[in-house]
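The values are calculated or read from the model by the stated rules, or taken from the named source; none is laboratory data. Since the structure is predicted, the reported quantities are computational estimates derived from the model, not experimental observations. Please note: Cβ atoms are built from the backbone with ideal geometry, for glycine as well, and neighbour counts cover all protein chains shown.
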Amino acid sequence: MSYGLIISNADGREQVNSTEIAPNTFISNVTTSSYNSMTFPVSNTSSGDLTLARPANSPIGTSTPIALARTSVSTNPTHFWGSSSNASYFYQNTAGIVTALLKTQSGNISAPASGEYGLDVYSTNGSTILFSATRSTSVRVLAQGVLSANSEIDYTPPSSLTFTKIYAVVDSSVIYAIPSGAFWPDWASLMFYSFHHGASTPFIRMSNRIQSGGQYVTNYSAQFPYMLVYDTN
Amino acid sequence: MAYGLEVFNSSGTKIVSYTDRLVRFVSFGTVTGNSSGYVNVTVTGMANNDTWGVALGDQPFLLSFNDPRPQVSFVKQTNNLRINVPNNLVVKYYVFRT
């Protein structure tokens, strides 16, 4: 580039690049949602926002993993799996969850005040803010990838991190369960996160499974893009 | 000596480190599947590597009670995001860089 600013991290990944229209993001609207109000989309969601969620600070039980996913399909009212909207014979997360929004800094970060110090980076168009060190509440990516059909992966955070500051990006997740009927077996699409907070070494499992009649189904094509982030603020 | 960007908030908490992998927003939108089974979305600069991330906003189903399996997937291509989605189903997508 002829001029501008690029900041790379120790791995060579770009953290800020003033030649791209790719503003940094920030976490906002951190909200505790009770068992009775685990609805999706969460309040104050704007177009383009990614939705973050994690189990409540004191999840139920001491060892029961907490399943985290959206449920239902796009044309129906949606909520999180485990909410009071679940049929009583399905999983109930009575402790609730914590949600947040990951928003672009462009258009959502206020202009610097007179005499303010810090660092604001604008794109080459001179008006689109890309990164504000002064007001930023960025999150750190811990894990990101895509699970193909019938697969799962575990992420174990280092002990230096606080487990209750780890959020999952839930937009791509879904748990959709259909009980068996007279002419069909039970079905469950399970593209979700499972927070194993009570394990001796806590970890988070990302799964892309379909179950029918107690067996895993293998012949489907859907991918589950997953991402875990850490609230450093 | 390490080098890079560190940001501290007014409480002295380090909120950005030179080791952090940050999320940068690129684009979002909605596509509707057609008879070809895929939709191409132009994303300038996109490449098939892990600095590019994609999230899907929904996993629409073909609503049949005996086979409700989700079928949406995507491929990162040069300057293009290909979303594989069945005919007439609608899916949201998000593109970001990390």
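Listing for the model above:
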| quantity | calculated |
| --- | --- |
| Given (1) closer than 25 Å to residue B:7 by Cβ; (2) within 12 Å of chain B (Cβ to nearest Cβ); (3) touching a residue at least 24 places away in the same chain (Cβ under 8 Å), index of the condition residue A:166 fails | (2) |
| Matching residues, the stretch A:208-233, being at the interface with chain B (Cβ under 7 Å from one of its Cβ atoms) and among the hydroxyl-bearing types (Ser, Thr, Tyr) | A:220, A:221, A:232 |
| All positions within the stretch A:200-219 that are exposed (fewer than 15 other Cβ atoms within 10 Å of the Cβ), within 27 Å of the chain's Cα centre (by Cα) and not in a loop (DSSP other than H, G, I, E, B) | A:216 |
| Unmet requirement for residue A:126, which otherwise passes all of (1) under 22 Å from residue A:105 (Cα atoms); (2) touching a residue at least 12 places away in the same chain (Cβ under 8 Å) | (2) |
| Flag if residue A:143 is within 14 Å of chain B (Cβ to nearest Cβ), among the small types (Gly, Ala, Ser) and under 30 Å from residue A:38 (Cα atoms) | yes |
| Failed condition for residue A:153, given (1) within 13 Å of chain B (Cβ to nearest Cβ); (2) outside any loop (DSSP other than H, G, I, E, B); (3) of a type in the set (A, V, I, L, M) | (1) |
| Selection count where residues are within 11 Å of chain A (Cβ to nearest Cβ), of a type in the set (A, V, I, L, M, F, W, C) and surrounded by fewer than 18 Cβ atoms within 10 Å (Cβ to Cβ), scope the stretch B:6-51 | 1 |
| Top-ranked residue of the stretch A:1-28 - restricted to ones that are facing chain B (nearest Cβ under 9 Å) and assigned to a loop (DSSP other than H, G, I, E, B), ranked as surrounded by the fewest Cβ atoms within 10 Å (Cβ to Cβ) | A:11 |
| Hey, residue A:194 small (Gly, Ala, Ser) and facing another protein chain (nearest Cβ under 9 Å) or not | no |
| Any hit, the stretch A:97-105, residues being buried (at least 17 other Cβ atoms within 10 Å of the Cβ), of a type in the set (Gly, Ala, Ser) and under 17 Å from residue A:137 (Cβ atoms) | yes |
| Candidate set from the stretch A:114-140 (those that are in a strand (DSSP E or B) and of a type outside the set (Val, Ile, Thr)); member that is farthest from the other protein chains (Cβ to nearest Cβ) | A:122 |
| Yes/no for residue A:204 being within 14 Å of another protein chain (Cβ to nearest Cβ) and β-branched (Val, Ile, Thr) | no |
| Whichever residue in the stretch A:165-199 is closer than 21 Å to residue A:95 by Cβ and over 20 Å from the mean Cα position of the chain (by Cα) and, among such residues, is surrounded by the most Cβ atoms within 10 Å (Cβ to Cβ) | A:177 |
| Which listed residue is over 17 Å from the mean Cα position of the chain (by Cα) and either part of a loop (DSSP other than H, G, I, E, B) or of a type in the set (A, V, I, L, M) (or both), from A:100, A:111 | A:111 |
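Yes/no per residue for (1) basic (Lys, Arg); (2) part of a strand (DSSP E or B); (3) modelled with pLDDT of 95 or more:
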| position | (1), (2), (3) |
| --- | --- |
| B:21 | yes, no, yes |
| B:29 | no, yes, yes |
| B:49 | no, no, yes |
| B:65 | no, no, no |
| B:74 | no, yes, yes |
| B:94 | no, yes, yes |
